[in-house]
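Written below as structure tokens is the structure these notes are about.
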Amino acid sequence: MFQISPSILATDFACLGDYMRRADMAGADMFHVDVMDGMFVPNISFGIPIMESVKKITHKPLDVHLMIVQPERYIREFARVGADIITVHYEACDDVNVAAALIHESGCKAGLAIKPGTETSVLEPYLEQFDMFLIMTVEPGFGGQKYMRKCTKKLTLLREMLDDYDLDTDIEVDGGITRENIGTVLDAGANVIVMGSSVFKGDIEDNMKYYRNFFDNYVPGKLPEERKKS
Ligand code: DX5
Ligand code: ZN
């Protein structure tokens with residue numbers, strides 16, 4: 001099942017509630033919340049207080065993407081203010097296993113993210129520990145960047161790796177997803193699609209309708225044989 005996770009980073013924060021309610025009504029499956037600390041990435045976005053407001057706007061799950069160093073420090077706090085999924089970066093954790101355990105103990109689903117330059121193979125030891133893997137298809141830090149085509153094969157590789165372990169874990173893709181490349185990322189094995197600019201820039205209802213229709217009418221293109229059967 002494909003899911004859309006609109007990234008609130010691309011909204012106008014002066015009207016955050018309005019933007020989110022429109023995407024919610026138009027069929028957002030969850031909302032992607034990009035937390036940046038100015039250390040792990042060269043940008044600062046928002047943190048706990050905004051999460052508290054966001055939680056009041058929607059009942060949909062909050063998909064929190066922590067782009068902060070030593071995310072272990074803040075897992076409990078984000079869970080407390082209503083995160084449903086907490087994704088940490090492999091590159092930022094002191095101990096990935098500890099992070100996974102903390103997220104689960106806090107009652108959330110756990111995600112593990114890698115940057116474009118990080119090999120997919122680093123995820124292999126953690127396949128059973130996480131409910132979702134996030135493949136970044138831009139350098140984390142900013143919305144509105146161009147999809148890095150070289151990352152498509154990381155999605156394929158990860159889906160094959162999960163298949164090898166008989167796991168049907170969610171693969172989230174984040175960065176530069178547009179009408180032009182949505183088919184490519186679905187074919188490659190992603191099923192949770194983060195979209196900032198593609199949902200919130202322009203007509204939100206129109207954009208959401210386009211992607212919902214795309215999912216409904218999606219016919220796998222270049223899926224490897226074994227994926228076609230499932
Ligand atoms: C980038 C963030 C993304 C970003 C996506 O660091 O992790 O979630 O908001 O925005 P678009 O879809 O505009 O690339
Ligand atoms: Zn993100």
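Read-outs: derived from the displayed coordinates by stated rules, not from any lab. All values derive from a computational prediction rather than experimental measurement. Please note: Cβ atoms are built from the backbone with ideal geometry, for glycine as well, and neighbour counts cover all protein chains shown.
The C-alpha radius of gyration of the chain, expressed as a fraction of 2.2 N^0.38 Å, stands at 0.94. Report, in whole Å, the centroid distance computed from the Cα atoms of the range 118-176 and the range 57-77. Their Cα centres are 18 Å away from one another.
Beyond 13 Å, the tail of the calculated P(r) for the range 48-93 holds 51 percent of the Cα pairs. Among beta bridges identified by DSSP and lying wholly in the chain, the antiparallel ones come to about 5 percent. Shape class of the range 113-230 from the Cα gyration tensor (axes a ≥ b ≥ c, square roots of the eigenvalues): oblate, since a/c reaches 1.5 or more and a/b does not exceed b/c.
By the count of neighbouring beta-carbon atoms within 10 Å, fewest first, Phe2, Phe40 end up ordered Phe2, Phe40. Going by neighbour counts of Cβ atoms within 10 Å, the residues Val219, Val138, Val194 line up, fewest first, as Val219, Val138, Val194.
Taking amide H atoms as placed 1.01 Å from N in the peptide plane, the amide H of Asp170 lies under 5 Å from those of Phe133, each 5 or more residues away in sequence or on another chain. Among the chymotrypsin sites (Phe, Trp or Tyr not before Pro) in the range 184-218, those placed in a DSSP loop whose Cβ has at most 16 other Cβ atoms within 10 Å are Tyr218. Listed from fewest to most Cβ neighbours within 10 Å, the set Thr169, Thr118 follows the order Thr118, Thr169.
Take every Cα pair under 8 Å whose residues are at least 6 apart in sequence, average their separation, divide by the length of the range 3-229, and the relative contact order is 19 percent. Of the trypsin sites (Lys or Arg not before Pro) found in the range 147-218, the ones in coil according to DSSP and having at most 12 other Cβ atoms within 10 Å of their Cβ are Arg179.
In terms of its Cα atoms, the range 1-64 spans 34, 28, 17 Å along the principal axes, sorted from long to short.
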